[in-house]
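Colleague: My questions will all concern the structure given below.
The values are calculated or read from the model by the stated rules, or taken from the named source; none is laboratory data. Because the structure is predicted, anything quoted here is derived from the model rather than measured. Neighbour counts run over all protein chains shown; Cβ positions are idealised from the backbone, glycine included.
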Amino acid sequence: MEGREIEAIVLAALPDAQVDVSGEECSFTLSIISPSFEGQNLMQRQKGVLALFEQELKTGKLHAMTIKAYTPEQFAELQNTYLVQLEG
């Protein structure tokens, strides 16, 4: 499976998302920023994204997936924290 395939699957389900995919072959890390995650805890977000790849995970086409899922506000806060640490 390729990163662009993974990105396309996520964007089909979450068209408002920003998606970054890294990794290769059958092991990937996804960073997803979407307002659709509002009101969901981390487990709910991860389960929702993993459900998009149920078949690929069952067949072994996809072996491992790390999911980092943020609302836009959470991501902005994370960036601000990182910048403060760099400046400090």
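Colleague: Residue by residue through the stretch 6-60, note down the ones that are modelled with pLDDT under 95, among the acidic types (D, E) and either touching a Leu at 6+ places or on another chain (Cβ under 8 Å) or surrounded by 14 or more Cβ atoms within 10 Å (Cβ to Cβ) (or both).
Modeller: If the condition is that a residue be modelled with pLDDT under 95, among the acidic types (D, E) and either touching a Leu at 6+ places or on another chain (Cβ under 8 Å) or surrounded by 14 or more Cβ atoms within 10 Å (Cβ to Cβ) (or both), then E56 is the only one that fits.
Colleague: What are the pairs, 6+ residues apart or on separate chains, where a residue within the stretch 47-69 that is within 12 Å of V10 (Cβ to Cβ) has its Cβ under 8 Å from a residue that is part of a helix (DSSP H, G or I) and of a type in the set (D, E, K, R)?
Modeller: Between residues of the stretch 47-69 that are within 12 Å of V10 (Cβ to Cβ) and residues that are part of a helix (DSSP H, G or I) and of a type in the set (D, E, K, R), the close pairs are I67/R45; A69/R45.
Colleague: So which residues in the stretch 52-71 are of a type in the set (A, V, I, L, M) and out of contact with any Phe, Trp or Tyr (no Cβ under 9 Å at 6 or more places or on another chain), if there are any at all?
Modeller: Within the stretch 52-71, L52, L57, I67 meet the criteria.
Colleague: Pick from the stretch 26-56 the residues that are among the small types (G, A, S) and under 11 Å from the mean Cα position of the chain (by Cα): which of them is farthest from I6 (Cα to Cα)?
Modeller: Here the residue is S34.
Colleague: Residues of the stretch 5-45 being of a type in the set (V, I, T) and without any contact (Cβ under 8 Å) to a residue 24 or more places away in the chain, which ones?
Modeller: Those that are of a type in the set (V, I, T) and without any contact (Cβ under 8 Å) to a residue 24 or more places away in the chain: V19, V21.
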